[in-house]
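> Sharing a structure with you now.
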Amino acid sequence: MINMRDVKICVIGLGYVGLPLARLFSTKYQTIGFDMNQSRVDALNGGHDATLEVPDELLQAAIQKHGFHCTTNLDDIRDCNFYVVAVPTPVDENNRPDLKPLWGASETVGKVISKGDIVVYESTVYPGVTEEECLPVVERVSGLKFNVDFFAGYSPERINPGDKEHTVEKIRKVTSGSTPEIADMVDGVYNSVLVNGTHKAPSIKVAEASKIIENSQRDVNIAFMNELAKIFNAMGIDTHDVIEAASSKWNFIKLSPGLVGGHCISVDPYYLIQKAQVYGVLPRVMSNARRLNDGMGAYVANQTIKCMNKKGVMVKDAKILILGITFKENCPDIRNTKIVDIYHTLKEYTDNITIYDPWANVEHVAQEYGIEVTNKQPADKFDAVILAVAHKEFFELDVRAFVGNKGVVYDVKGILPRGIVDARL
């Protein structure tokens, strides 16, 4: 087994999860980052993270003080002995798990892993993926035998994009290993860089399951609040007032309705839903929650149209401003953003839609969704404004000034002063 003093880490996949983790590991261990995207690697080696998860000063300190660097070259990572896989786990157009990124990363590990090495997976998966899907690939490519020549662990990521409070070093992480000794080793490596320590799970499958229910639970909880919002909106009752009143009870869990996007909550439940069906279990609650949350973008657009009709604002060819397109506030992440659903629903009535988002990369939005976005505050007047994302810049805007007295303001996030909005989710 590897001696803790000799640990040399390679993190494969340098996105929202991999880069913060690699930077943190570099403060304690010799660490190198690996990614297939050359432009991403070049930017990181230059000291800048476009995702804004790692501040430039921290990244540059890791490079200058700790020797951290990134590469696309397999030869640069052959002498590592502790490989961490942190690649995306998306779904396809039918919401079925797409394991191709994991298979590809496992092939990469198989090409460089040596006897005695450890590979730890961080990607969110259904229970069994690490041992049934990933490690056989490592075995096939490397020619080594699992749990004889090399070993494995699983430590699910808990990164929350844009969250500057729950950063990676402060997160308590779940760890696991393919043998008791390896579990201790994996736990020791992670524990050595984390402020709040770890929770060592009894098996890899338990660790995998723990992660996927974290996101599934949040999805179901938000779906419940979204369903309540639909009910109370139909009854003419302000949902946020109801939540405030109910939260005066000591054991009420205070949540808010909203759009569920991103690469975690809107995707991960499908992994467990699919696997449950293999075992003959139909997960009705999770499936219904997914359908409800996936329909909230269209619901917001239709509620805005309803407000416009009530106020006598012509919907056809109306000028509409959408504030925000990223999937959450103060973050450039546009993955699976449900604002796109608002846009496409409104597009059936008008082509005069402006999306203003100071955080989004306009080129990335155009490439991913074929939608034009501006980073500059518009000077025009509009027939309707939808505040879709609670970016800090929007708190400073006079939103009502965009529409005057006749236009409609719809507040998805429930953050605007009550007197200036016509409706809110």
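> Note down the magnitude of the dipole of the chain about its Cα centre, charges +1 on Lys and Arg C-beta and -1 on Asp and Glu C-beta and zero elsewhere, to the nearest 20 debye.
1060
> What percent do you get for the relative contact order of segment 150-202 when only Cα pairs under 8 Å and 6+ apart count?
Value for segment 150-202: 37 percent.
> Under 22 Å from the Cα of Lys338, which lysines turn up, not counting those fewer than eight places away in the same chain?
Candidates past the 8-residue exclusion: Lys230, Lys306, Lys319, Lys328, Lys347, Lys376, Lys392, Lys413.
> Continuing with this model, one more query. Among Glu348, Glu214, Glu53, whose mean-square fluctuation peaks in a Gaussian network model of the chain (Cα, cutoff 10 Å)?
Residue with maximal mean-square fluctuation among Glu348, Glu214, Glu53: Glu348.
> Counting only heavy atoms of the protein chains, get the accessible area per residue of segment 264-347 (1.4 Å probe) and round it to a whole Å² value.
Accessible area per residue: 41 Å².
> A further question follows. Rounded to the nearest 0.05, what FRET efficiency is calculated for Val242 and Asn221 with R0 set to 22 Å and r the Cβ-Cβ distance?
The calculated FRET efficiency here is 0.90.
> Which residue, chosen from Leu397, Val340, Ser203, occupies the Cα position most advanced towards the positive end of the dipole of the chain, where the dipole is computed from +1 (Lys, Arg) and -1 (Asp, Glu) charges on Cβ about the Cα centre?
Result: Leu397.
> Given a 1.4 Å probe and every protein chain left where it sits, what share in percent of the accessible area of the chain is carbon and sulfur?
The C+S portion of the solvent-accessible surface of the chain is 51 percent.
> Below 12 angstrom from the Cβ of Asn288, what's the summed charge of the other residues (Lys, Arg +1; Asp, Glu -1)? It would help to have the intermediate numbers written out before the result.
On the way: positive: Arg284, Arg290, Arg291; negative: Asp219, Glu227, Asp294.
Combined, the nearby Lys, Arg, Asp and Glu give 0.
> Ok, one more. What whole number of Å gives the distance from the Cα centroid of segment 288-353 to the Cα centroid of segment 1-66?
Centre-to-centre (Cα) distance: 37 Å.
> OK, next. Ile231 to Arg5: FRET efficiency via 1/(1 + (r/R0)^6), r the Cβ-Cβ distance, R0 45 Å, to the nearest 0.05? Don't jump to the answer; show the numbers that get you there.
Working: r = 60 Å, r/R0 = 1.33.
That pair, Ile231 with Arg5, gives E of 0.15.
> Output the antiparallel fraction of DSSP beta bridges having both residues in the chain, as a percent to the nearest 5. Walk me through the intermediate numbers first.
Numbers: 2 of 41 bridges.
Around 5 percent of the beta bridges assigned by DSSP in the chain are antiparallel ones.
> Please compute the per residue accessible area over segment 164-259 with all protein chains in place, 1.4 Å probe, rounded to a whole number of Å².
Working: 4890 Å² over 96 residues.
Averaged over the residues of segment 164-259, the accessible area is 51 Å².
> Classify segment 1-107 from the C-alpha gyration tensor, please: rounded if a/c falls under 1.5, else prolate or oblate depending on whether a/b exceeds b/c.
Numbers: a/c = 2.00, a/b = 1.31, b/c = 1.53.
Oblate.
> In nm, give the distance between the simple-model label positions of Ala401 and Lys316, each being 7 Å from the Cα along the Cα-to-Cβ direction.
Placing both labels 7 Å beyond Cα along the Cβ direction yields 3.4 nm.
> Suppose every K and R has +1 on its Cβ and every D and E has -1 on its Cβ; what is the size of the dipole of segment 40-134 about the Cα centre, in Debye to the nearest 20? Could the numbers behind the result be given before it?
Numbers: 7 positive and 17 negative charges, 47 e Å.
The calculation lands at about 220 debye.
> Please report the spacing between the Cα centers of segment 167-199 and segment 405-425 in Å, no decimals.
Using only Cα atoms, the two centres lie 45 Å from each other.
> Would you list Lys173, Lys392 from the most to the least accessible area, probe 1.4 Å?
Solvent-accessible surface, decreasing: Lys392, Lys173.
> If the elastic network links every pair of Cα atoms under 10 Å, which of Gly116, Gly15, Gly324 fluctuates the most in the Gaussian network model of the chain?
In the Gaussian network model the winner is Gly116.
> Quick one: grab Rg to one decimal and Dmax as a whole number for the chain, Cα atoms only, in Å.
My reading of the Cα-based Rg and Dmax gives 23.4, 73 Å.
> Here's something else I'd like to know. Can you pull out the trypsin sites (Lys or Arg not before Pro) in segment 1-78 that DSSP calls coil and that have at most 13 other Cβ atoms within 10 Å?
Sites meeting the loop and neighbour criteria: Arg78.
> With unit charges on the beta carbon (Lys/Arg positive, Asp/Glu negative), name the residue among Ile113, Tyr126, Phe150 whose Cα is farthest towards the positive pole of the charge dipole of the chain.
So the residue we want is Tyr126.
> Let me check against my output: what whole-number percent is the relative contact order of the chain, with C-alpha pairs under 8 Å and at least 6 apart?
Working: 827 pairs, mean separation 45.9, N = 425.
Result for the chain is 11 percent.
> At 0.36 nm per residue, minus the direct Cα-Cα distance, what do Lys28 and Arg418 gain on full extension? Give it in nm, one decimal, please.
The Lys28-Arg418 span can extend by a further 135.4 nm.
> With +1 on the Cβ of every Lys and Arg and -1 on the Cβ of every Asp and Glu, and nothing else charged, how large is the dipole of segment 176-231 about its Cα centre, in debye rounded to the nearest 20?
Charge dipole of segment 176-231: 180 debye, to the nearest 20.
> I would also like to ask the following. Using a simple spin-label model with points 7 Å from Cα along the Cα→Cβ vector, what separation in nm is obtained for Lys164 and Asp56?
The two pseudo-label positions are separated by 1.5 nm.
The values are calculated or read from the model by the stated rules, or taken from the named source; none is laboratory data. This one's a predicted model, so the numbers in the text were calculated from it and none came from an experiment. Note that each Cβ is placed from the backbone with ideal geometry, even for glycine, and that neighbours are counted across all protein chains shown. All accessible areas refer to the heavy atoms of the entire protein, side chains included, with ligands and DNA or RNA removed. Shrake-Rupley method; radii C 1.70, N 1.55, O 1.52, S 1.80 Å.
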